[in-house]
Amino acid sequence: MNRRPTLIAALALTATAALTLSACGGGDEGSAKDKDSDKIAGVDTGGEKSAPPNESSASATEERPKIELPPDVTLVFEGEKTGDQVKDAVLADNAERMRAVDAAIAGTDTNGEALAFYNTGKALEAALSWVNQFEEAGATMTGEVRYYDRKVTIEGEKSAVLIFCADESKGFSKDKKTNKAHKTPVTKNSYVLYNTKLDKSAEGVWQTSQIVSSRGAAQCQP
């Protein structure tokens, strides 16, 4: 298994390259303290409805990193089972990817092991940039985010496209020092459309390689 960069090392590289956050794990294009991004862009947590990846999503020898999230962060994934083994594996690894980003933001994955495990390429760069913005803003997250309308298209044996929506109306950024949530009114921008590409690694993990988000997308509105 190839070793991927730790969060600290990768953040240094990200800062040096002066990456802009055009798409990220949180999927917000502003800073962590912007009004719209007070909603947790990509809050993922270990809610009851979030199932671990099944055996088909990784080889028997692949050891997956354990992802732990704060008790005040909840992530709900809808439509986890399609009846298709490959699609279900893609959905499961995407869910772990979203949880991994929040674990890095929340400080429960300080080395970014899970973040680097479920991301690669531009998606990893974007996720690191998003985590870095929270760090610079002295912020973390709290609340609940719901992921729904998750549609998978398989493109060959090692490639897939996953499009889904996120309801961030109950998720917010939180000041680390004061522990105060930055609550904002629910608007159309509380709903985000994600368009992602996943590639299956040699170890059998469906890693997110590209991710683009559109805040306020019409198809995600309630």
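The values are calculated or read from the model by the stated rules, or taken from the named source; none is laboratory data. Just so we're clear, the structure is a prediction, and the values are computed from it rather than from any experiment. Note that we place each Cβ from the backbone using ideal geometry, even for glycine, and neighbour counts take in every protein chain shown. Surface areas here come from the heavy atoms of the whole protein model, side chains and all, with no ligands, DNA or RNA. Shrake-Rupley method; radii C 1.70, N 1.55, O 1.52, S 1.80 Å.
Take the range 70-133 with all the other protein chains still there, run a 1.4 Å probe, and you get 33 Å² of accessible area per residue. Debye sum, Cα scatterers, the range 116-157, no solvent: what log₁₀ I/I(0) at q = 0.13 1/Å? With no solvent term, the Cα-only Debye profile gives -0.49. Probing with 1.4 Å while keeping every protein chain in the model, the per residue accessible area of the range 151-222 equals 50 Å².
Would you work out if the range 95-214 is rounded, prolate or oblate? Take a ≥ b ≥ c from the square roots of the eigenvalues of the alpha-carbon gyration tensor; rounded if a/c is under 1.5, else prolate when a/b is larger than b/c, oblate otherwise.
Oblate.
Sort Y118, Y191 by accessible area with a 1.4 Å probe, largest first. Display every interim value, and only then the final one.
Details: Y118 0, Y191 25 Å².
Descending accessible area places them as Y191, Y118.
Taking the Cβ of S159 as the center, what net charge do the other residues with Cβ under 14 Å away carry, scoring Lys and Arg +1 and Asp and Glu -1? Net local charge, S159 excluded: 0. Note on the range 118-218: with charges restricted to the Cβ of Lys and Arg (+1) and Asp and Glu (-1), its dipole about the Cα centre is near 400 debye. The Kirkwood hydrodynamic radius of the range 141-186, based on inverse pair distances between different Cα atoms, is 13.0 Å. What the phi angles of the range 64-73 give under the Karplus curve with 6.51, -1.76 and 1.60, with θ = phi - 60°, is a coupling list of 8, x, 7, 10, 10, 10, x, x, 8, 10 Hz, glycine and proline written as x.
Output the antiparallel fraction of DSSP beta bridges having both residues in the range 81-222, as a percent to the nearest 5. Don't skip to the end; give the middle numbers.
Working: 32 of 33 bridges.
Given both bridge residues lie in the range 81-222, the antiparallel proportion sits at roughly 95 percent.
Simple spin-label estimate for E203 and Q221 gives 4.3 nm between the two label positions (7 Å along the Cα-to-Cβ direction from each Cα).
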